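Read-outs throughout are calculated quantities, based only on the coordinates presented, and are distinct from any laboratory measurement. If you're wondering where the values come from, they're calculated on a predicted model, not measured in any experiment. Cβ: placed from backbone, ideal geometry, glycine included. Neighbour counts: every protein chain shown.
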Amino acid sequence: MLPTGAGTALITPFTAEGKVDVPALSRLVAWQVQEGIDFVVACGSTGEAQTLSPEERVLVVKTVMAAADGQVPVLAGATDNDTGRAVAEARTMAALGVTGIMSASPYYNKPTQAGLEAHFLSIADATELPLLLYNVPGRTAIDLKAETVAALARHPRIAGIKEASGNVRRMLDLRRMTPSDFVVLSGDDDIVVPAMAAGAAGVISVASNAIPRRISAMVAAAGRGDSSAALAEQLRLLPFIDALFAESNPIPVKAVLEMMGMASGAVRLPLLSATAALRQRLRLLMAELELSHG
């Protein structure tokens, strides 16, 4: 079974020398658990997985699992535009004992829908773990259509999707076309409450790296049908969420965590650290949300 509720798409902190900052990552995960997050995702796009070496990806997942200490489920990313490499990584992550695998559509190649179906079926057949599909056309240049997801949902281990098209109507189509136990999660922080009203079972959030308790509370309110409270919080958080995507994710959220004293704001090329203008915008929004910063 795949987890539901509020999940965090974890950043990967780096040291000043550009190495994976294991102590900072451990502290971040422990804090996420303490703040009430339901599950965490390591080595996704927010975690800059495509600029981590295979050895670093293993290190990140091992670190996250040790820090989570069985208190929350851990999903691990296994995404590549070469199906064979994606299959191999899924097997590597499965061997580490994660709860499930998340895999985004292959980028750059622009396969057909039939190619996407064959790609994901190969990954699903590679392990005994549940597979969470990840549709993020803004990054991959290809949209995993609802009809293709419905076909993939017939596989016993393809158990859900992180849908990050920004399209609430897509949530309705996914819910209409897939079995009731197929997990649909929002991949967009700015439409979590509308997505849940349309049938999503939660979110995999970037913002929850910095505000896990607030994202968890918002998702919980939406889940129990307290739409007024959930919507009010969604609206309060929108300016902050917008700023988190003013420059390429995870640049802004890493800047926020740096100002909170939790991790370095360093990213790996071709990304660059947050601009001075964005940092100032984030400082003002952090003050409004009463987030501590130095």
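A few comments on the model shown:
- Euclidean distance between Cα centres, region 63-104 to region 159-181, Å: 22
- Estimated [θ] at 222 nm from DSSP helical runs (n ≥ 4, -39500 (n - 2.57)) normalised by residues in the chain, nearest 500: -13500 deg cm²/dmol
- The chain: most fluctuating residue of 79, 178, 15 per GNM, C-alpha cutoff 10 Å: 15
- A straight Cα-to-Cα reach below 20 Å connects residue 110 with the lysines 145, 162, residues fewer than 8 places away in its own chain not being considered.
- Among beta bridges identified by DSSP and lying wholly in the chain, the antiparallel ones come to about 5 percent.
- Built from the Cα atoms of region 1-106, the convex hull projects on average onto 6.4 nm², one quarter of its surface area.
- Charges were assigned to the Cβ only: +1 to each Lys and Arg, -1 to each Asp and Glu. The resulting dipole of region 5-226 about its Cα centre is roughly 300 debye.
- Neighbour counting of Cβ atoms within 10 Å sorts the residues 92, 127, 140, 112, fewest neighbours leading, into 112, 92, 127, 140.
- The simple Förster model, with R0 at 25 Å and r as the Cβ-Cβ distance, assigns residue 246 and residue 266 a FRET efficiency of 0.85.
- Among the trypsin sites (Lys or Arg not before Pro) in region 84-190, those placed in a DSSP loop whose Cβ has at most 13 other Cβ atoms within 10 Å are 154.
- Mean sequence separation of contacting Cα pairs (under 8 Å, at least six apart), scaled by the length of region 5-226, corresponds to a relative contact order of 20 percent.
- Straight-line cross-link reach from residue 62 at under 17 Å between alpha-carbon atoms covers these lysines, not counting any fewer than eight positions away in the same chain: 19.
- Shape of the chain, Cα gyration tensor, a/c cut at 1.5: oblate
- Between the residues 184, 227, 284, the greatest Cα displacement towards the positive end of the dipole of the chain, with unit charges on the Cβ of Lys, Arg, Asp and Glu, is found for 227.
- Within a Gaussian network of the chain (alpha carbon springs, distance under 10 Å), most fluctuating of 106, 270, 250: 270
- Separation in nanometres of the label points that stand 7 Å from Cα toward Cβ, at residue 277 and residue 27: 3.2
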